[in-house]
């Protein structure tokens, strides 16, 4: 038997201002997306913003549906849109945040397992890591690659 350990490097910020103007701007874009989310069942409005390596920026949000689980998370909505419309351009970074009752959630919105797998495959598709910024009122968490969020990813 061999015992192993996985460590996940991340950086934590206390305020949006600490992230700098470029990320602060992406956080604003994610806010705008979250405000427009369709989440009548959960009340959990998630926004995601993406910046491609060429500087283009996009936003998306979660879309719920009565026929659960037919809805889709903000992260996958954003990634699938970008990959459908700009398949040749890698994603440089993504910001994810959630709002409850019109306010930023206290803790960062950490992506679900399905979103993490899609993020990892988006990185593999272009052999380019993407920064993931997960924003909450109490803290902001950044990882350098989606691989950090899913170290034992699905592979075949």
For residue 116, are the conditions met, namely being more than 18 Å from residue 44 (Cα to Cα), touching a helix residue (DSSP H, G or I) at 6+ places or on another chain (Cβ under 8 Å), at pLDDT 95 or above and not in a helix (DSSP H, G or I)?
no
Do you know which of the residues in segment 68-77 that are assigned to a helix (DSSP H, G or I) and in contact (Cβ under 8 Å) with a residue 40 or more places away in the chain is farthest from residue 102 (Cα to Cα)?
76
Scope segment 17-31; condition loosely packed, with under 15 Cβ neighbours inside 10 Å and either over 23 Å from residue 58 (Cα atoms) or in contact (Cβ under 8 Å) with a residue 40 or more places away in the chain (or both); matching residues
18
Quick one: which residue in 95, 82 is touching a strand residue (DSSP E or B) at 6+ places or on another chain (Cβ under 7 Å), in contact (Cβ under 8 Å) with a residue 24 or more places away in the chain and under 14 Å from residue 27 (Cα atoms)?
95
Candidate set: segment 1-14, residues that are modelled with pLDDT of 95 or more, part of a loop (DSSP other than H, G, I, E, B) and in contact with a strand residue (DSSP E or B) (Cβ under 8 Å, 6 or more places away or on another chain); chosen: the one nearest to residue 115 (Cα to Cα):
10
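Listed here are the residues, each with its yes/no results for (1) in a loop (DSSP other than H, G, I, E, B); (2) out of contact with any strand residue (DSSP E or B) (no Cβ under 6 Å at 6 or more places or on another chain).
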{"residue": "22", "(1), (2)": "no, yes"}
{"residue": "28", "(1), (2)": "no, yes"}
{"residue": "34", "(1), (2)": "no, no"}
{"residue": "42", "(1), (2)": "yes, yes"}
{"residue": "46", "(1), (2)": "no, no"}
{"residue": "50", "(1), (2)": "no, no"}
{"residue": "58", "(1), (2)": "no, no"}
{"residue": "66", "(1), (2)": "yes, yes"}
Quick check on segment 32-48. Is at least one of its residues buried (at least 16 other Cβ atoms within 10 Å of the Cβ) and either closer than 17 Å to residue 123 by Cβ or modelled with pLDDT under 95 (or both)?
yes
For segment 121-141, how many residues meet the condition of being in contact with a helix residue (DSSP H, G or I) (Cβ under 8 Å, 6 or more places away or on another chain) and under 16 Å from residue 10 (Cα atoms)?
6
Count of residues meeting criterion [in a loop (DSSP other than H, G, I, E, B), free of Cβ contacts under 8 Å to residues at least 40 places away in the same chain and within 23 Å of residue 24 (Cα to Cα)] in segment 119-136:
2
The condition of being at pLDDT 95 or above and within 22 Å of residue 143 (Cβ to Cβ) holds, among 64, 51, 88, only for 51
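Matching residues to (1) at pLDDT 95 or above; (2) not in a helix (DSSP H, G or I):
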site: 80; (1), (2): yes, no
site: 93; (1), (2): yes, yes
site: 96; (1), (2): yes, yes
site: 138; (1), (2): yes, yes
site: 147; (1), (2): no, no
site: 152; (1), (2): no, yes
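The values are calculated or read from the model by the stated rules, or taken from the named source; none is laboratory data. Worth saying up front: this structure is predicted, and the values here are computed from it rather than measured. Neighbour counts run over all protein chains shown; Cβ positions are idealised from the backbone, glycine included.
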